[in-house]
(Lines give C-alpha, C1' and ligand atoms only; values in the text may rest on other atoms or scores of the structure.)
Protein backbone atom coordinates (compact mmCIF):
# COMPACT_ATOMS: atom_id res chain seq x y z
CA UNK A 1 0.00 0.00 0.00
CA UNK A 2 2.83 2.40 0.77
CA UNK A 3 4.10 2.16 -2.82
CA UNK A 4 0.63 2.96 -4.17
CA UNK A 5 0.40 5.93 -1.77
CA UNK A 6 3.81 7.20 -2.90
CA UNK A 7 2.85 6.94 -6.59
CA UNK A 8 -0.45 8.73 -5.92
CA UNK A 9 1.06 11.56 -3.87
CA UNK A 10 3.81 12.18 -6.45
CA UNK A 11 1.26 12.28 -9.28
CA UNK A 12 -1.13 14.51 -7.31
CA UNK A 13 1.72 16.83 -6.29
CA UNK A 14 2.79 17.11 -9.93
CA UNK A 15 -0.75 17.79 -11.18
CA UNK A 16 -1.85 20.21 -8.45
CA UNK A 17 1.44 21.72 -7.34
CA UNK A 18 0.58 20.83 -3.74
CA UNK A 19 3.35 18.99 -1.92
CA UNK A 20 2.08 15.95 -0.03
CA UNK A 21 4.41 14.37 2.50
CA UNK A 22 5.11 10.69 2.90
CA UNK A 23 2.97 8.76 5.36
CA UNK A 24 5.58 8.95 8.11
CA UNK A 25 5.99 12.74 7.72
CA UNK A 26 2.35 13.86 8.01
CA UNK A 27 0.71 15.20 11.14
CA UNK A 28 -2.51 13.49 12.22
CA UNK A 29 -4.82 16.12 10.69
CA UNK A 30 -2.89 16.12 7.41
CA UNK A 31 -2.89 12.33 7.35
CA UNK A 32 -6.68 12.21 7.83
CA UNK A 33 -7.21 14.74 5.02
CA UNK A 34 -4.89 13.16 2.47
CA UNK A 35 -5.93 9.57 3.20
CA UNK A 36 -9.53 10.62 2.63
CA UNK A 37 -8.60 12.17 -0.72
CA UNK A 38 -6.55 9.09 -1.65
CA UNK A 39 -9.42 6.70 -0.86
CA UNK A 40 -11.98 8.78 -2.76
CA UNK A 41 -9.78 8.98 -5.86
CA UNK A 42 -8.92 5.27 -5.79
CA UNK A 43 -12.60 4.35 -5.41
CA UNK A 44 -13.59 6.67 -8.26
CA UNK A 45 -10.98 5.13 -10.56
CA UNK A 46 -12.07 1.63 -9.56
CA UNK A 47 -15.72 2.39 -10.35
CA UNK A 48 -14.82 3.98 -13.69
CA UNK A 49 -12.57 1.07 -14.62
CA UNK A 50 -15.30 -1.45 -13.81
CA UNK A 51 -17.80 0.34 -16.05
CA UNK A 52 -20.31 0.94 -13.23
CA UNK A 53 -21.02 4.68 -13.32
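The values are calculated or read from the model by the stated rules, or taken from the named source; none is laboratory data. In this text the structure is predicted, and so the values were computed from the model without any measurement. Virtual Cβ from ideal backbone geometry, glycine too; neighbours counted across all protein chains shown.
Summary table below
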| read-out | value |
| --- | --- |
| Pair list, Cβ under 6 Å, 6 or more apart: segment 37-53 residue assigned to a helix (DSSP H, G or I), other residue modelled with pLDDT of 85 or more | 38/8 |
| Hits in segment 21-34 - residues which are surrounded by 10 or more Cβ atoms within 10 Å (Cβ to Cβ) and at pLDDT 95 or above | 26, 30, 31, 32, 33, 34 |
| Given (1) modelled with pLDDT of 95 or more; (2) surrounded by 10 or more Cβ atoms within 10 Å (Cβ to Cβ), number of the condition residue 44 does not satisfy | (1) |
